[in-house]
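These notes are about the structure you will find just below.
The values are calculated or read from the model by the stated rules, or taken from the named source; none is laboratory data. From a predicted model like this one, the values you see are computed outputs, not experimental measurements. Note that we place each Cβ from the backbone using ideal geometry, even for glycine, and neighbour counts take in every protein chain shown.
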Amino acid sequence: MKFIFTLILTLAFFICEGQPVQLIELSSNNAKVSPIKDDLLIVEGDRLVRFSPETGTSSVLAEERGLSLKGVLKGRYVYFSSISKRSFDLYCYDNYKGSCLKLKTFRSLDNFVAQGGDMFFIADDGEVGRELWRSSKGRYPQLVADLIPGQEDGFDRSNGLLVSSDKHVYFKTKDNRLWKSNGRNRGTKILACFNEYGLNARIGTLGVLGSKLYFSIEGYNRKNYFRELWTSDEKSNGAMKVKTIDDFSNIGVIDCYTKGHDGYVYFFHYYDYHSELWKTNGTAKGTEKIKTLGEGVPFELSVVNDKLVFYTLTEASVFDIWVSDGTGQGTTVLQSLQNVPRSSIPLAVSGDRFWYVDDGKLWEADPFAKNINALDGKFAAFSDISNIKILFPHKHELYFTGETSAGNLFLYVYKPK
């Protein structure tokens, strides 16, 4: 592992409200960027770079084959991996000390989730199969539990989802069991097992709000397919069914994009190429359908300016941006776009507005005022930027990549007025 701590760029600039500011030139549109405190981490090719928007300086922290950023814990501990033959070396860079430590070599490594002072992940060390591990504040990883004893995998790649709450991490194993863990062996317990709960019953998507887990159960009970909404139950230290969403003879899915708003949790029900918006307060009586959205797969439920924002995408590539106040009448399409590929239309949400890309241009929307503006028409500086790709919002600023008229690729930041 090579570590280089030399400055490679020095700029002097201020982030001007309403204007895009060039931060650093990139060599590839596949660069991965992540915020860490007031700085940015950039993985480009085989380099991990730390960039300071405030001073305009950047430095290469590490350089190695197949470098991949895994996660950041408490704004201090940066976890990343590199490829070594047929294995993966896990490292942690301490943002305060400026030091880096090689932690361990694994056969496989994925699903990194931060919870409290621990970084949880799923890995195979060649001895116990794919199991749950944790690293506490940049220290050497510890096996949390051998969920299926021996070398058999506790997780497969399609079943290894981890989600974190304010107290635990929740996950499902390939034997159709739902677990929670506080990071210790004794604190890793089964919430529920669905091996005999109907034919082909399986745990679907997981979503967390506060300390409570919401998840779906889907299966077949000799007559019909069924889909049910469940939640964790702290009193029984288990799980309980909230409500059967439907039991019709069509295949569907419940997507737990859980978002708290006015005391409710919101989620989607998708079936036969149609989708519905639902809400629940954790009880059967308090679980109801808000509106049938029609054709299209729903994505990315967020709260903007005290309203829900999400989008649906149809097979015909029609992209509808929806806004909802939590009622059927107040759930409407804000903007409809035609012939838009799924990969080019992420929503970036921050504060009282959100952004999206259409035809290579950046658009800004306020769902409360129902204002939508193409930023290249609002600010002249945007007219010289093409092929815009949204990365993420951070501290009410939007980070994105784009090409200049000369064809050079840059990382930009935009701070709205």
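Annotations for the structure displayed:
- Of residues in the stretch 274-312 being of a type in the set (Ser, Thr, Tyr) and either in contact with a Phe, Trp or Tyr (Cβ under 6 Å, 6 or more places away or on another chain) or not in a strand (DSSP E or B) (or both), the one nearest to Thr231 (Cα to Cα): Thr283
- Any chance Ile8 is modelled with pLDDT under 80, part of a strand (DSSP E or B), surrounded by 13 or more Cβ atoms within 10 Å (Cβ to Cβ) and on the phi < 0 side of the Ramachandran plot: yes
- Filter result for Ile190 (surrounded by fewer than 15 Cβ atoms within 10 Å (Cβ to Cβ), at pLDDT 75 or above and in a strand (DSSP E or B)): yes
- Sole exception among (1) of a type in the set (S, T, N, Q); (2) touching a strand residue (DSSP E or B) at 6+ places or on another chain (Cβ under 6 Å); (3) exposed (fewer than 14 other Cβ atoms within 10 Å of the Cβ) for Ser99, by number: (2)
- Residue match in the stretch 103-110 (condition: within 30 Å of Lys415 (Cα to Cα), in a strand (DSSP E or B) and modelled with pLDDT of 90 or more): no
- Residue match in the stretch 285-302 (condition: among the aromatic types (Phe, Trp, Tyr) and at pLDDT 85 or above): no
- Test for Leu67: is it more than 21 Å from Tyr399 (Cα to Cα), of a type in the set (A, V, I, L, M) and at pLDDT 90 or above: yes
- Any chance Lys378 is modelled with pLDDT under 75 and surrounded by fewer than 20 Cβ atoms within 10 Å (Cβ to Cβ): yes
- Flag for Glu315 being among the acidic types (Asp, Glu), at pLDDT below 85, part of a loop (DSSP other than H, G, I, E, B) and at negative phi: yes
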